[in-house]
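Only one structure is covered here, and it is reproduced in the block below.
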Amino acid sequence: MHIRKATAADVWAAGEIYVEARKFMRESGNPDQWRDGHPNSSDVAEGVNSGVSYVCVDGEEVVGTFYFRVGEDQAYREIFEGEWLSGGEYAAIHRIAVKHRGKGIAQFIFEECFRMFPNIKIDTHRDNLPMQRTLAKCGFKYCGIIHLGCGEERLAYQKIK
């Protein structure tokens, strides 16, 4: 497997991974996250244009997709009921989804992101228990609660290498 920036040729495959991820979330007790049809292939295409969409590829198959950007993320400016592990420059991961659950793809993505940048912040929905378990398994520490621009609450995590 390897990670690379997504291209226009990856938009459809990444969009399909998001469709399946929304279905999995509903089936696993998380019906509210990504309920509005986002993220989707349009979000991937926007990310391709701005250089923040990435894919995980196994052979020729796109098996994961995510947003990765170094720099301040507005949603992470203020944290409640806790604190970040440290200040300073960080990278944010958003919209991570994988095609085959239980194959270590998310863990591989996190490891590769740390090769790119040693301080990463991420958030997830309170009902997204599979992602919370994956984050803990990968060494992320729960830091508190953040609020998205739309006002929705998310559980915030950080890992520093």
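What FRET efficiency comes out for GLU27 versus GLU60 if R0 is 30 angstrom and r is the Cβ-Cβ distance? Round to the nearest 0.05. Using R0 = 30 Å, I get an efficiency of 0.60.
Phi-derived couplings, Karplus 6.51 cos²θ - 1.76 cosθ + 1.60 at θ = phi - 60°, listed residue by residue for the stretch 95-103: 6, 6, 8, 10, 7, 10, 6, x, 10 Hz, with x used for Gly and Pro.
Each peptide in 63-72, 1-10, 78-87 was scored by the mean count of other Cβ atoms within 10 Å over its residues; highest first, the order is 63-72, 1-10, 78-87.
Relative contact order, whole percent, for the stretch 55-127 stands at 34, derived from Cα pairs under 8 Å and 6 or more residues apart.
Take every Cα pair under 8 Å whose residues are at least 6 apart in sequence, average their separation, divide by the length of the stretch 14-90, and the relative contact order is 25 percent.
3J(HN,Hα) along the stretch 22-29: 5, 4, 4, 4, 4, 5, 9, x Hz, from the Karplus curve 6.51 cos²θ - 1.76 cosθ + 1.60 with θ = phi - 60°, whole Hz, x for Gly and Pro. Note on the stretch 2-160: with charges restricted to the Cβ of Lys and Arg (+1) and Asp and Glu (-1), its dipole about the Cα centre is near 400 debye. Mean-square fluctuations from a GNM of the chain, with a 10 angstrom spring cutoff on Cα atoms, peak among ASP58, ASP123, ASP36 at ASP36.
With contacts taken as Cα pairs under 8 Å and at least 6 residues apart, the stretch 17-161 reaches a relative contact order of 23 percent. How would you classify the stretch 72-161 from its alpha-carbon gyration tensor, with a ≥ b ≥ c the square roots of the eigenvalues: rounded for a/c under 1.5, else prolate if a/b is greater than b/c, otherwise oblate? Since a/c reaches 1.5 but b/c is at least a/b, the shape of the stretch 72-161 is classed as oblate. In summary, the stretch 2-160 shows an alpha-carbon radius of gyration equal to 0.97 times the 2.2 N^0.38 Å reference for compact globular proteins. Relative to one another, the C-alpha centroids of the stretch 1-57 and the stretch 131-161 are positioned 19 Å apart. Only helices enter this figure: runs of n ≥ 4 DSSP H residues, each worth -39500 (n - 2.57), summed and divided by the residues of the chain, yield -9500 deg cm²/dmol at 222 nm to the nearest 500.
Only the coordinates and a few stated rules stand behind these numbers; no lab work does. Fair warning: this is a prediction, and the values are worked out from it, not measured in the lab. In this analysis, Cβ positions are derived from the backbone assuming ideal geometry, glycine residues included, and neighbour counts consider all displayed protein chains.
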